[in-house]
Amino acid sequence: MSSKDAPPQGPRTSELSDREVVRAFEDAGQGHVFRFLPDLRRDDAAALLADARSVDLAQLARLAASSECAAAPAAIEPLGEELVRIGDHDDARRLRNAAHDRGQAEIREGRVAVVIAAGGQGTRMGSAVPKALWPVGPRSGKPLLQWHFEKILFWARKLGRPVPVALLVSDATAQITEDFVRWHSFFGVDPTWVRFARQRSLPAVDAEGRILLAAKHRIALAPNGHGGTFAALRDAKLLDLWHDHGVRTISYCQIDNPLVRTLDPVFVGFHTRHESEFSSKSVAKRSPAERVGVFARCGGRACVVEYSELRPEQASAVDQSGELMFGQGSIAAHAIDLGFARSVAREGLPFHRASKRVAHVDAHGRLVSPEGANAVKFETFLFDALPRAHRTLVLETRRSDEFSPIKNAEGEDSPETARRDLIELFRGWMRRAGRDAPPGSLEFSPLEAPDEHAYRASLGLPWK
Ligand code: UTP
């Protein structure tokens, strides 16, 4: 039986009595989880048992044994005809405009739903506040969540059709994110069309596969990776609901990239015209050493190869025109056929082991904050679904238009660089429209101009 993010099988810890749960953990060599149980207050004991009931011990044992985790691809080749590059010539523009019309029609007909992944723990940010709440508007300070919602709202208003939205959340982010959205009245989006899909979590383990405790009464749980999107949408009954409502395409993006086109008619248009099952956006890598997953072909199918799995000679290999052979970096923006998503949810995705730094309590109940990686987390990756698709497409976009993720509190890929890149984006729009950009900070509301095309249209200018 494979350790995939598929529906659990067999008896579940969730169906056992308290005593049986403790025994099941002891039998699995995880009895230490209840080391502090006798001293816990009643509500803390209940919290610990609730954490324990969420654990699939049999799956964890298989994952800890690592025999069933995903393997790095054996041989890779550069992408072929699935790579689409919109050039600057007239034919290319016509193609782009046709895709735009097609995408708009799909949205207008209610065939597109948006999924925003916001379930990550954001450990590198070192903040307890989920990234969704992070202020990003250079002048307004609008939070990331609002930034995305307003881009969706623009299209819903323009096309006269509400767009179904699902926010992927996890145990780490659900409560605060949902409260925040409700508190702000869904940022103007009709609540009927917004759903939360909660992904599952798994325990972090030490080098011996022993479950770590985040506190005396809490298991150190971590979300199951963005690949958990498929199962979470299924568990929230959204895949069925959307299917019944005629949705065909899921427009997927991640909360931490304020530049991404949360809903992009051009991308949706290319995706549907190509009858693609799994489409992706890419940007040219800055350098061979850039730490970003790249698109390639594995076993004849498109795939994403993580930077850590790309050998240095592969990373720097160039083709006849001097371009990097594996130079298309993934920006984690996808258009996914709904039927394909349903099949991935049924089959599940393989888990990857990630070595991480996880604070935990030791045998004496003392909190330990390790300097380096001390634990293993198990994660599934959304892009692992890609090689299962028969028809795929990778649309190259410009980094300055669509990619500036917030990963770290400071330095590269931080709130500061995202703010800088947003301002630079707006400046570019103004420059190309023949306007003088004011010095200092600058912001266009996504409600009025989610992209350059909309900005130019608002000035009565044609698309470049
Ligand atoms: P990252 O892999 O960068 O993780 O997620 P992260 O949680 O944001 O940050 P670190 O690695 O802990 O510092 C990329 C995107 O995928 C989402 C995140 O919310 C982010 O938008 N994500 C990640 C999920 O929704 N669920 C997950 O389990 C993991």
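The values are calculated or read from the model by the stated rules, or taken from the named source; none is laboratory data. Bear in mind the structure is a predicted one, so any value in this text is a computation, not a measurement. Cβ sites come from the backbone with ideal geometry, for glycine too, and all protein chains shown count toward neighbours. All accessible areas refer to the heavy atoms of the entire protein, side chains included, with ligands and DNA or RNA removed. Shrake-Rupley method; radii C 1.70, N 1.55, O 1.52, S 1.80 Å.
Pick out the one residue from 147, 134 that is touching a residue at least 40 places away in the same chain (Cβ under 8 Å), within 15 Å of the ligand (Cβ to nearest atom), open to solvent by 30 Å² or more (accessible area, probe 1.4 Å) and not hydroxyl-bearing (Ser, Thr, Tyr). Reasoning before the result, please.
Working: 147 fails: open to solvent by 30 Å² or more (accessible area, probe 1.4 Å).
Only one candidate qualifies: 134.
Within the range 358-398, track down each residue that is among the hydroxyl-bearing types (Ser, Thr, Tyr) and without any contact (Cβ under 8 Å) to a residue 60 or more places away in the chain. Even if it seems obvious, please write down each step before you answer.
The first filter runs over the range 358-398 and keeps only residues among the hydroxyl-bearing types (Ser, Thr, Tyr), leaving 369, 380, 392, 397.
Across the range 358-398, the qualifying residue is only 369.
Please go through the range 52-88 and give me each residue that is assigned to a loop (DSSP other than H, G, I, E, B), hydrophobic (A, V, I, L, M, F, W, C) and touching a residue at least 60 places away in the same chain (Cβ under 8 Å), ordered by number. Explain how you work it out, then say what you get.
Here is the first cut: in the range 52-88, the residues assigned to a loop (DSSP other than H, G, I, E, B) are 54-56, 65-75, 78-82, 86-88.
Among the residues that remain, those that are also hydrophobic (A, V, I, L, M, F, W, C) are: 55, 65, 69-72, 74-75, 79, 86.
Matches in the range 52-88: 55, 65, 69, 70, 72, 74, 75, 79, 86.
Quick one: would you say residue 354 is assigned by TED's automatic domain parsing to the domain that holds residue 265, surrounded by fewer than 17 Cβ atoms within 10 Å (Cβ to Cβ) and not in a strand (DSSP E or B)? Before the answer, list the steps.
On the way: assigned by TED's automatic domain parsing to the domain that holds residue 265: yes; surrounded by fewer than 17 Cβ atoms within 10 Å (Cβ to Cβ): yes; not in a strand (DSSP E or B): no.
Judged against the criteria, residue 354 is not a match.
Looking only at the range 2-49, count every residue that is assigned to a loop (DSSP other than H, G, I, E, B) and at pLDDT 95 or above and tell me the total. Before the answer, list the steps.
From the range 2-49, those assigned to a loop (DSSP other than H, G, I, E, B) are 2-3, 5-12, 16-17, 28-30, 35-36, 40-41; that's our starting set.
Among the residues that remain, those that are also at pLDDT 95 or above are: 28-30, 35-36, 40-41.
Residues that pass the stated criteria total 7.
Do we find that residue 176 is assigned to a helix (DSSP H, G or I), of a type in the set (Val, Ile, Thr) and outside the structural domain of residue 49 (by TED's automatic domain parsing) in this structure? Let's see the steps before the verdict.
Values: assigned to a helix (DSSP H, G or I): yes; of a type in the set (Val, Ile, Thr): yes; outside the structural domain of residue 49 (by TED's automatic domain parsing): yes.
Considered against the rule, which asks whether it is assigned to a helix (DSSP H, G or I), of a type in the set (Val, Ile, Thr) and outside the structural domain of residue 49 (by TED's automatic domain parsing), residue 176 comes out as yes.
Search the range 164-181 for residues that are over 12 Å from residue 121 (Cα atoms) and pair each with any residue that is of a type in the set (D, E, K, R) and away from the ligand (no atom under 14 Å from the Cβ) when their beta-carbon atoms are under 7 Å apart and the residues are at least 6 apart or on different chains.
166/195
Hey, could you check the range 114-141 for residues that are more than 16 Å from residue 154 (Cβ to Cβ) and assigned to a strand (DSSP E or B) and say which is farthest from the chain's Cα centre (by Cα)?
Let us first name the residues in the range 114-141 that are more than 16 Å from residue 154 (Cβ to Cβ), namely 115, 117-136, 138-139, 141.
Pick out the ones that are also assigned to a strand (DSSP E or B) and you get 115, 117, 135.
Working: 115: 9, 117: 4, 135: 19 Å.
Of everything passing the filter in the range 114-141, 135 is farthest from the chain's Cα centre (by Cα).
May I ask you to list the residues in the range 18-51 that are in contact with a Phe, Trp or Tyr (Cβ under 6 Å, 6 or more places away or on another chain) and without any contact (Cβ under 8 Å) to a residue 40 or more places away in the chain? Break it down into steps so the answer makes sense when it comes.
Let us first name the residues in the range 18-51 that are in contact with a Phe, Trp or Tyr (Cβ under 6 Å, 6 or more places away or on another chain), namely 22, 31, 33.
Correct list: 22, 31.
Picking from 157, 111, which residue would you name as being more than 13 Å from the ligand (Cβ to nearest atom), closer than 30 Å to residue 273 by Cα, among the charged types (D, E, K, R) and open to solvent by 60 Å² or more (accessible area, probe 1.4 Å)? Working first, answer last.
Numbers: 111 fails: open to solvent by 60 Å² or more (accessible area, probe 1.4 Å).
Only one candidate passes the filter, namely 157.
Might you check whether a residue that is surrounded by 21 or more Cβ atoms within 10 Å (Cβ to Cβ) and either assigned to a loop (DSSP other than H, G, I, E, B) or in contact with an Asp or Glu (Cβ under 9 Å, 6 or more places away or on another chain) (or both) occurs anywhere in the range 407-417? Can you show your working first?
Going through the range 407-417, the residues surrounded by 21 or more Cβ atoms within 10 Å (Cβ to Cβ) turn out to be none.
Taking every residue of the range 407-417 in turn, none turns out to be surrounded by 21 or more Cβ atoms within 10 Å (Cβ to Cβ) and either assigned to a loop (DSSP other than H, G, I, E, B) or in contact with an Asp or Glu (Cβ under 9 Å, 6 or more places away or on another chain) (or both).
Just one of (1) outside the structural domain of residue 85 (by TED's automatic domain parsing); (2) farther than 23 Å from residue 328 by Cα trips up residue 376, so point out which.
So the condition that residue 376 fails would be (1).
Check residue 386 against each of (1) assigned to a loop (DSSP other than H, G, I, E, B); (2) of a type outside the set (Val, Ile, Thr); (3) within 20 Å of the chain's Cα centre (by Cα) and name the one condition it does not meet.
If we test residue 386 against (1) assigned to a loop (DSSP other than H, G, I, E, B); (2) of a type outside the set (Val, Ile, Thr); (3) within 20 Å of the chain's Cα centre (by Cα), just (1) comes out false.
What do you reckon, is residue 346 basic (Lys, Arg), part of a strand (DSSP E or B), touching a helix residue (DSSP H, G or I) at 6+ places or on another chain (Cβ under 9 Å) and over 19 Å from residue 274 (Cα atoms)?
Working: basic (Lys, Arg): yes; part of a strand (DSSP E or B): no; touching a helix residue (DSSP H, G or I) at 6+ places or on another chain (Cβ under 9 Å): yes; over 19 Å from residue 274 (Cα atoms): yes.
Against the criterion (basic (Lys, Arg), part of a strand (DSSP E or B), touching a helix residue (DSSP H, G or I) at 6+ places or on another chain (Cβ under 9 Å) and over 19 Å from residue 274 (Cα atoms)), residue 346 does not qualify.
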